[in-house]
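Okay, structure first, notes after.
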Amino acid sequence: MIENQKIRPAKVIGPLGEPLTIDSLPPPDTTRWVVRRKAEVVAAVNGGLMSVDDVCMRYNLSAEEFAGWQRAVDRSGMPGLRVTRIQHYKTLYERQQRKY
């Protein structure tokens, strides 16, 4: 009997419109997380290429850290992932929420 298997796509569309595969993602030993790399990993999870647990294990990230990347992309797109602008985008988001 075949158990319920999770079917994952072979590729997804990355943040810059390019196809992403497991092999084209940043290597597991990545230590310098530039905006593009973070956005690629978020796109891989959002597209179903990898699970959050898989990403956290592969890149030695905490679930909270990855969730922060996802929130940043959801709120501000790729520019929200810039470490030097985190406070700016957080303040901007909080102001927008107060309007509603």
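What is the number of the single condition among (1) more than 13 Å from the chain's Cα centre (by Cα); (2) surrounded by 11 or more Cβ atoms within 10 Å (Cβ to Cβ); (3) free of Cβ contacts under 8 Å to residues at least 12 places away in the same chain that Gly17 does not meet?
Of everything listed in (1) more than 13 Å from the chain's Cα centre (by Cα); (2) surrounded by 11 or more Cβ atoms within 10 Å (Cβ to Cβ); (3) free of Cβ contacts under 8 Å to residues at least 12 places away in the same chain, Gly17 misses just condition (2).
Which pairs have Cβ atoms under 6 Å, sit 6 or more apart or on different chains, and link a residue in the range 59-72 that is closer than 14 Å to Glu40 by Cα and open to solvent by 30 Å² or more (accessible area, probe 1.4 Å) to one that is part of a helix (DSSP H, G or I) and among the hydrophobic types (A, V, I, L, M, F, W, C)?
The qualifying pairs are Gln70/Val42.
Starting from the range 33-54, keep only residues that are among the hydroxyl-bearing types (Ser, Thr, Tyr), then list their pairs with residues that are at pLDDT 95 or above whose Cβ atoms are within a distance under 8 Å, requiring at least 6 positions of separation or different chains.
If the second residue must be at pLDDT 95 or above, the pairs left are Ser51/Val45.
Of the numbered conditions (1) out of contact with any Asp or Glu (no Cβ under 9 Å at 6 or more places or on another chain); (2) closer than 24 Å to Val83 by Cβ; (3) surrounded by fewer than 19 Cβ atoms within 10 Å (Cβ to Cβ); (4) small (Gly, Ala, Ser), Ala39 fails exactly one; give the number of that condition.
Exception for Ala39: condition (3).
The values are calculated or read from the model by the stated rules, or taken from the named source; none is laboratory data. Just so it is clear, the structure is predicted and the values come from calculations on it, not from any experiment. Heads up, the Cβs are rebuilt from the backbone with ideal geometry, glycines too, and the neighbour counts pull from every protein chain shown. The accessibility values were calculated without ligands, DNA or RNA, using every heavy atom of the protein model including side chains. Shrake-Rupley method; radii C 1.70, N 1.55, O 1.52, S 1.80 Å.
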